[in-house]
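**Q** First, the structure itself, so that you have it in front of you.
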Amino acid sequence: MTDMPDRPVLRLKPKANARAIRRGAPWIFDNELVLDRRTKALAPGTIATLEDAERTPLGTVAVNTASRITGRMLDRDAEAVIDGAWLQDRLARAQALRARLYDAPYYRLVHAEGDNLPGVVIDRFGDTAVIQPNAAWAEALLEPLTDALVAVTGVTTVLKNAGGRGRALEGLDDADAVLRGAAPEAPVPVAMNGATYMADLTGGQKTGLFYDQRDNHAFSARLAGEARVLDVFSHVGGFALAALAGGASYALAVDGSAPALQLATRGAEASGFADRFETRQGDAFATMEALAEESATFDMVICDPPAFVPGKPALEKGLRAYERVARLAAPLVAEGGTLVLCSCSHAADLSAFTGACLRGIGRAHRWAQLIHTGGAGPDHPLLPQLAESGYLKALVFRL
């Protein structure tokens, strides 16, 4: 898609906050825009020029009038050409940062707005990359985006994961696809923090592995020497395997998904930890209640649940769920032990999440020291003007 002199214009209403957009806000909502019949007829993903109410150009945006986020800022240059060269430049900048951070190509390569590619998530697994095009413009430009990705990184396999929650809000399908090469027939081993994880790139959650917790795994592993560890909502063994690599004497991984626990077990075997690792499949809340009835205690308990607060309307209910997690987990922690509580809900900010955790710990009649607050790793850069990009929170307590 190339820039044309007569390309469409998206215009702000007089009362819209043009100053916030000039200062870096990346989203323009439907209620901030003049949406006439011609604008509403634009195909999702159309590239347009954004103007303020006085018709001063603000930048180049992608349009989707079917979404509340009607405009996504692509470039502060109102005459930018959004083509293969532009995509290659953005991807090259993203890769340059990761090349400084990591000595092997296993990381989040593109973190959407944080890397100036709004709605685009790309995780890299060696020679394979998994793209989540969670915005209409990225879906429309998926072929040139894939070409640019191959040109910049040299990956030989590119998979499309259409499971992102944002795709439905953009009016997009949920059909996964192989864009280049052939899909891996087996889980891909990923070395992190001294352990080997098994990433299912075609049937697993999200893109197959949660890279965002890497640094929080590492911090927790520092406290895990000789510890008995309980990892609840463990997925493929994220915290448990890192703790075993850190010297834990035993780790129990709890998850509702049998396939995830099978991958965790394979990871423990590949890491040489199989004799210290066990799994238990079941509902996390029920399993924690059962462990309490068994009088089980652990030196370290980690709870990393899915997003209980997918959006603002679910805030109160979600915070009650986080409080319940803390209330059930705290009694399982031995005196002087560690409790790690995580949230990936962007709609529950750090203050609200911390408050919910402390209420739960208090209801369990435990006293806590907060010794560490963690977020996503540096391959998940925040866009400071977009609170949603700082979604991950990890609180490490000593009880």
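**Q** How many residues are part of a helix (DSSP H, G or I), touching a residue at least 60 places away in the same chain (Cβ under 8 Å) and of a type in the set (Lys, Arg) when one looks only at the stretch 76-125?
**A** Step one: of the stretch 76-125, the residues part of a helix (DSSP H, G or I) are 84-101, 112-115.
Filter again for touching a residue at least 60 places away in the same chain (Cβ under 8 Å), leaving 84, 87-88, 91-92, 97-98, 101, 112-115.
In the following step, the residues that additionally are of a type in the set (Lys, Arg) were identified as 98.
Qualifying residue count, the stretch 76-125: 1.
**Q** Run down ALA66, ALA62, ALA48, ALA80 and say which single residue is over 24 Å from LEU382 (Cβ atoms), modelled with pLDDT of 95 or more and of a type in the set (Gly, Ala, Ser). Reasoning before the result, please.
**A** On the way: ALA66 fails: modelled with pLDDT of 95 or more; ALA62 fails: over 24 Å from LEU382 (Cβ atoms); ALA80 fails: over 24 Å from LEU382 (Cβ atoms).
Testing whether each residue is over 24 Å from LEU382 (Cβ atoms), modelled with pLDDT of 95 or more and of a type in the set (Gly, Ala, Ser) leaves just ALA48.
**Q** Would you say VAL190 is out of contact with any helix residue (DSSP H, G or I) (no Cβ under 9 Å at 6 or more places or on another chain), on the phi < 0 side of the Ramachandran plot, at pLDDT 95 or above and in a strand (DSSP E or B)?
**A** no
**Q** Considering the stretch 147-174 alone, what residues qualify as being of a type in the set (S, T, N, Q) and farther than 12 Å from GLN95 by Cβ?
**A** Residues of the stretch 147-174 that are of a type in the set (S, T, N, Q), as a first pass: 153, 156-157, 161.
Matches in the stretch 147-174: THR156, THR157, ASN161.
**Q** Kindly indicate whether any position in the stretch 160-175 is in contact (Cβ under 8 Å) with a residue 40 or more places away in the chain, part of a strand (DSSP E or B), of a type in the set (A, V, I, L, M, F, W, C) and farther than 19 Å from PRO381 by Cβ.
**A** No, the stretch 160-175 has no match at all.
**Q** Tally time: how many residues in the stretch 272-291 are crowded, with 19+ Cβ neighbours inside 10 Å and under 25 Å from the mean Cα position of the chain (by Cα)?
**A** 2
**Q** Kindly indicate which of LEU350, LEU382, LEU386 is touching a residue at least 24 places away in the same chain (Cβ under 8 Å), open to solvent by less than 60 Å² (accessible area, probe 1.4 Å) and under 30 Å from ARG100 (Cβ atoms). Full working, then the answer.
**A** Values: LEU350 fails: open to solvent by less than 60 Å² (accessible area, probe 1.4 Å); LEU382 fails: open to solvent by less than 60 Å² (accessible area, probe 1.4 Å).
Criteria check complete, one pass: LEU386.
**Q** Select from the stretch 274-290 the residues that are in contact (Cβ under 8 Å) with a residue 12 or more places away in the chain and of a type in the set (A, V, I, L, M, F, W, C) and list them in ascending order. First the steps, then the outcome.
**A** Step one: list which residues in the stretch 274-290 are in contact (Cβ under 8 Å) with a residue 12 or more places away in the chain, which gives 276-285, 287-289.
Scanning the stretch 274-290 gives PHE277, ALA284, PHE285, MET288.
**Q** Against the definition (at pLDDT 95 or above and under 18 Å from PHE210 (Cβ atoms)), how does ALA112 come out, yes or no?
**A** Working: at pLDDT 95 or above: yes; under 18 Å from PHE210 (Cβ atoms): yes.
Considered against the rule, which asks whether it is at pLDDT 95 or above and under 18 Å from PHE210 (Cβ atoms), ALA112 comes out as yes.
**Q** Considering each residue of the stretch 127-141, count those that are open to solvent by 20 Å² or more (accessible area, probe 1.4 Å) and among the hydrophobic types (A, V, I, L, M, F, W, C), and give that number.
**A** Residues in the stretch 127-141 being open to solvent by 20 Å² or more (accessible area, probe 1.4 Å) and among the hydrophobic types (A, V, I, L, M, F, W, C): 1 in total.
**Q** Looking at the stretch 306-344, which of its residues are among the aromatic types (Phe, Trp, Tyr) and either at pLDDT 95 or above or under 17 Å from VAL254 (Cα atoms) (or both)?
**A** Filtering the stretch 306-344 for residues among the aromatic types (Phe, Trp, Tyr) gives 308, 322.
Once the filter is applied, which keeps residues that are among the aromatic types (Phe, Trp, Tyr) and either at pLDDT 95 or above or under 17 Å from VAL254 (Cα atoms) (or both), the stretch 306-344 yields only TYR322.
**Q** Also, I was wondering about something else. So the check is Cβ under 9 Å with 6+ separation or different chains; which pairs have a first residue in the stretch 235-253 that's among the hydroxyl-bearing types (Ser, Thr, Tyr) and a second one that's assigned to a helix (DSSP H, G or I) and open to solvent by less than 10 Å² (accessible area, probe 1.4 Å)?
**A** These pairs meet every condition: TYR250/LEU244.
**Q** Next question, about the same structure. For the stretch 142-159, give me each residue that is out of contact with any Asp or Glu (no Cβ under 9 Å at 6 or more places or on another chain) and either open to solvent by 40 Å² or more (accessible area, probe 1.4 Å) or outside any helix (DSSP H, G or I) (or both).
**A** Hits for the stretch 142-159 are GLU143, ASP147, VAL150, ALA151, VAL158.
**Q** Right, another one. I need every pair where a residue in the stretch 178-189 that is within 24 Å of ALA268 (Cα to Cα) has its Cβ under 6 Å from the Cβ of a residue that is polar (S, T, N, Q) and at pLDDT 95 or above, sequence separation at least 6 or different chains.
**A** PRO189/THR196
**Q** Given the criteria of a type in the set (Lys, Arg), touching a residue at least 40 places away in the same chain (Cβ under 8 Å), within 30 Å of GLU278 (Cβ to Cβ) and open to solvent by 10 Å² or more (accessible area, probe 1.4 Å), does ARG222 qualify? Let's see the steps before the verdict.
**A** Details: of a type in the set (Lys, Arg): yes; touching a residue at least 40 places away in the same chain (Cβ under 8 Å): no; within 30 Å of GLU278 (Cβ to Cβ): yes; open to solvent by 10 Å² or more (accessible area, probe 1.4 Å): yes.
So ARG222 fails the test.
**Q** Continuing with this model, one more query. Condition first: more than 20 Å from ALA290 (Cβ to Cβ), in a helix (DSSP H, G or I) and open to solvent by less than 10 Å² (accessible area, probe 1.4 Å). Now tell me which residues in the stretch 240-264 satisfy that.
**A** In the first step, residues of the stretch 240-264 are kept if they are more than 20 Å from ALA290 (Cβ to Cβ); the result is 241-249, 259, 262-263.
Filter once more, keeping what is in a helix (DSSP H, G or I): 241-245, 259, 262-263.
Hits for the stretch 240-264 are LEU241, ALA242, ALA243, LEU244.
**Q** Just need a number here: residues in the stretch 382-394 that are in contact with a strand residue (DSSP E or B) (Cβ under 6 Å, 6 or more places away or on another chain) and assigned to a loop (DSSP other than H, G, I, E, B). It would help to see each step written out before you state the result.
**A** Applying the first criterion (in contact with a strand residue (DSSP E or B) (Cβ under 6 Å, 6 or more places away or on another chain)) to the stretch 382-394 yields 393-394.
Retained after the next criterion (residues that are assigned to a loop (DSSP other than H, G, I, E, B)): none.
Final tally of qualifying residues: 0.
**Q** Among the strands (runs of 3 or more DSSP E) confined wholly to the stretch 1-70, which include 1 or more residues that are touching a Phe, Trp or Tyr at 6+ places or on another chain (Cβ under 6 Å) and buried (at least 20 other Cβ atoms within 10 Å of the Cβ)?
**A** 57-63
The values are calculated or read from the model by the stated rules, or taken from the named source; none is laboratory data. Because the structure is a prediction, the values reported are computed rather than measured. Because the Cβ atoms are built from the backbone with ideal geometry, glycine has one as well, and the counts that use them run over all protein chains shown. In case anyone asks, the SASA skips ligands and DNA or RNA and just uses the protein heavy atoms, side chains included. Shrake-Rupley method; radii C 1.70, N 1.55, O 1.52, S 1.80 Å.
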